[in-house]
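No lab work stands behind these numbers, since they all come straight from the coordinates. These numbers were taken from a predicted model, which means no experiment stands behind them. Neighbour counts run over all protein chains shown; Cβ positions are idealised from the backbone, glycine included.
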Amino acid sequence: MKEQNWEPKIIAFVCNWCTYTGADLAGTSRLKYPTNVKLIRVMCSGGIDPVFILKAFERGADGILVSGCHPNDCHYNAGNFHARRRWTFFHELLDYLGIDKNRLQFSWVSASEGKKFVDVVSKVVNDVKAMGPFKGYEELNNEFMTEFPDVSGVDESMILKEKEGEAV
Amino acid sequence: MEELRKHAKELLENKTVAAILGYVEVDPKRTRPAVITKPEDASKLVFNEYCLNNLAVYLTKARIKNIAKQNGAVMKLGIVAKPCDIHSVIALIQESQLKREDIHIIGMNCHGVVKDFGMEFSGETLASKCVPCESHKPLYHDIVLGEEKQTPSVSDEVLAKIQAIEKMTYEERFEYFKNEFDKCIKCYACRAACPLCYCQRCITDKTIPRWIESSPHSRGNFSWNVVRAFHLSGRCIGCGECERACPMDIPLSLLNRKMAETAKEAYAYVSGRSLETPTLVGSYDVKDSDELFM
């Protein structure tokens, strides 16, 4: 069935200055890594609001990676230090609420660590593959669809309406 | 009680404060919050085991702040506060929402309050927030009133429940909290009752983009309760007002207490205890644990 060919959906929130550049290096160095991961580039790991994570889970992500510059290497000096405290709480909270710790992982990858980026992504993909699809949020989504069958489940406000030329 | 009334009357007569936030009696086992502005009304003030409200929530409200603004000058506001309410005031001052010099804290010695109005005060009816409480004397104050009495000692049920939840599997935990959050009707009473939820515009009210779905279905409820708990992590002082305000009896203290325990374990920090230290999530230390990161 579907289960056999199932491939996890992984969303990676990466910072512009280190991890994104590291991922770029992995690409230009022709290093191979699983294609399950979709990168979302943000300016700083300190700028990733935990609601981004929740939204990604709502939209069907099976696992999430958050990655930024190594401590002391932040482009904005302290962004990753602030992030570190916040993520400690958020990770603990999600774990307590019943979301496996391995579904949300964190790393520091610098611009020169293309190889490390490949290792980190492979680890996350393997961990999530071992756990299987994220049933918890799927259940919430199904309940939403039964309760509101007319709504597609996608927030209209989140879609960039390019055709009408409307700004979001 | 007499000394409280006398002190309040003096403050209002001398124009030391513009108003006093305090409790007045509704019936012998029920009180309500009140703003006292006239010296003759000071005799209505009471303090007992039925003073459940955390009055610090009013200090950041525009309507209350306006009372203190008289003839272009800002006067002090007086507040009758239990030791735990004072922790809220400290947290608000730490987060630059208040100035210490604008507040006159009438600290009350406290030996606990009841779970709900109408109950006889005893170990059994002791509010769950009072069970682990260690501060029975006001930390910061302008005057301390009230007699010191022994708090009944009872077992900590909230902590026991948290430990029981931690022993569950991930699926069981998710199911448990999903069912609890399912009850939520998105009335935001938890937000309104919280002294530290002072944002002018809450993230759940933001619609472009709408991060948290506003209709009360399980998916939106889950997001809201996660975000509420997260935004209070390392800040919540554990006054328990959110849980008391919740009309659907969602055990919010299970979340708040857990995050407070996390702050204690990971950073040895307890919220609202010192005016000298910066807030936990508003500051950082380069030596913080790096365990979480690959």
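By the gyration tensor of its Cα atoms, with a ≥ b ≥ c the square roots of the eigenvalues, what is the shape of the range A:10-132: rounded for a/c under 1.5, prolate for a/b over b/c, or oblate? Could you put the intermediate results ahead of the total?
Details: a/c = 1.90, a/b = 1.12, b/c = 1.69.
It is oblate, given that a/c is not under 1.5 and a/b is not larger than b/c.
For A:Ala12, list long-range residues whose amide hydrogen, built 1.01 Å from N in the peptide plane, is under 5 Å from its own amide hydrogen.
A:Lys38, A:Leu39, A:Ile40, A:Leu65
Across the residues of A:79-86, average count of Cβ atoms on other protein chains within 10 Å?
Values: counts 1, 2, 5, 4, 2, 8, 13, 5.
For this peptide, the per-residue mean of nearby foreign Cβ atoms is 5.
Below 8 Å, C-alpha to C-alpha, sequence gap of six or more: please give me the relative contact order for chain A in percent. Write down the numbers at each step before the final one.
Working: 245 pairs, mean separation 48.8, N = 168.
In percent, rounded to a whole number, it is 29.
Let me confirm one metric for peptide A:53-61, namely the mean number of other chain beta-carbon atoms within 10 Å of its residues' beta-carbons. Walk me through the numbers before you get to the answer.
Working: counts 1, 9, 5, 0, 4, 7, 0, 0, 0.
So the per-residue partner count for this stretch is 3.
If you average the sequence gap of Cα pairs under 8 Å that are 6 or more apart and divide by the length of chain B, what percent do you get for the contact order? Walk me through the numbers on the way to the answer.
Values: 452 pairs, mean separation 47.7, N = 294.
Answer for chain B is 16 percent.
Once the range B:2-145 is represented by equal point scatterers at the alpha-carbon sites, with solvent omitted, what log10 I(q)/I(0) does the Debye formula produce at q = 0.10, 0.18, 0.20 Å⁻¹?
Log-scaled intensity ratios, in q order: -0.32, -1.04, -1.26.
Please compute the average number of Cβ atoms from other chains found within 10 Å of each residue's Cβ in peptide B:279-285. Before the final figure, lay out the partial values.
Numbers: counts 0, 2, 5, 2, 4, 11, 3.
Neighbouring Cβ atoms belonging to other protein chains average 4 per residue here.
Taking a label point 7 Å from the Cα of B:Val26 along the Cα→Cβ vector, which residues of the range B:51-72 have an amide N closer than 16 Å to it?
Output list for this probe position: B:51-55.
Taking amide hydrogens as modeled 1.01 Å from N in the peptide plane, which residues meet the under 5 Å criterion relative to B:Gly78, leaving out close sequence neighbours?
Residues meeting the criterion, in which the H sits 1.01 Å from N, are B:Ala18, B:Ala19, B:Ile20, B:Leu21, B:His104.
According to the square roots a ≥ b ≥ c of the eigenvalues of the Cα gyration tensor, what is the shape class of the range B:134-231, taking rounded for a/c under 1.5, prolate for a/b larger than b/c otherwise, and oblate for the remainder?
Values: a/c = 3.24, a/b = 1.39, b/c = 2.33.
Since a/c reaches 1.5 but b/c is at least a/b, the shape of the range B:134-231 is classed as oblate.
State whether chain B is rounded, prolate or oblate according to the following rule on the C-alpha gyration tensor (a ≥ b ≥ c being the square roots of its eigenvalues): a/c under 1.5 gives rounded; otherwise a/b larger than b/c gives prolate, and the remaining case gives oblate. Please report the intermediate quantities before stating the final value.
Details: a/c = 1.67, a/b = 1.47, b/c = 1.13.
Verdict is prolate for chain B.
For chain B, what is the calculated [θ] at 222 nm in deg cm²/dmol (nearest 500), taking -39500 (n - 2.57) for each run of four or more DSSP H residues and dividing by its residue count?
Numbers: 9 runs with 95 residues, N = 294.
It comes out at -9500 deg cm²/dmol, rounded to the nearest 500.
Using alpha-carbon positions, what is the distance between the centroids of the range A:85-127 and the range B:113-184, in Å?
Rounded to whole Å, the Cα centres lie 34 Å apart.
What list of ³J(HN,Hα) values in whole Hz, one per residue of the range A:23-32 in order, does the Karplus curve 6.51 cos²θ - 1.76 cosθ + 1.60 (θ = phi - 60°) give from phi, with Gly and Pro shown as x?
5, 5, 5, 4, x, 5, 7, 6, 7, 9
Gain in length, B:Ala189 to B:Glu171, computed as 0.36 nm per residue apart minus the alpha-carbon separation, to one decimal in nm? Walk me through the intermediate numbers first.
Values: separation 18, 0.36 × 18 = 6.48 nm, distance 2.88 nm.
Full extension from B:Ala189 to B:Glu171 adds 3.6 nm.
Applying the Karplus parametrisation 6.51 cos²θ - 1.76 cosθ + 1.60 with θ = phi - 60° to the phi angles of the range A:91-104, what ³J(HN,Hα) value in whole Hz is obtained for each residue in order, glycine and proline being reported as x?
Once θ is set to phi - 60°, the couplings for the range A:91-104 become 4, 5, 5, 5, 4, 5, 7, x, 10, 3, 4, 6, 7, 10 Hz.
Most fluctuating residue of A:Pro149, A:Pro34, A:Pro71 in a GNM of chain A with Cα springs under 10 Å: which is it?
Greatest mean-square fluctuation among the candidates belongs to A:Pro149.
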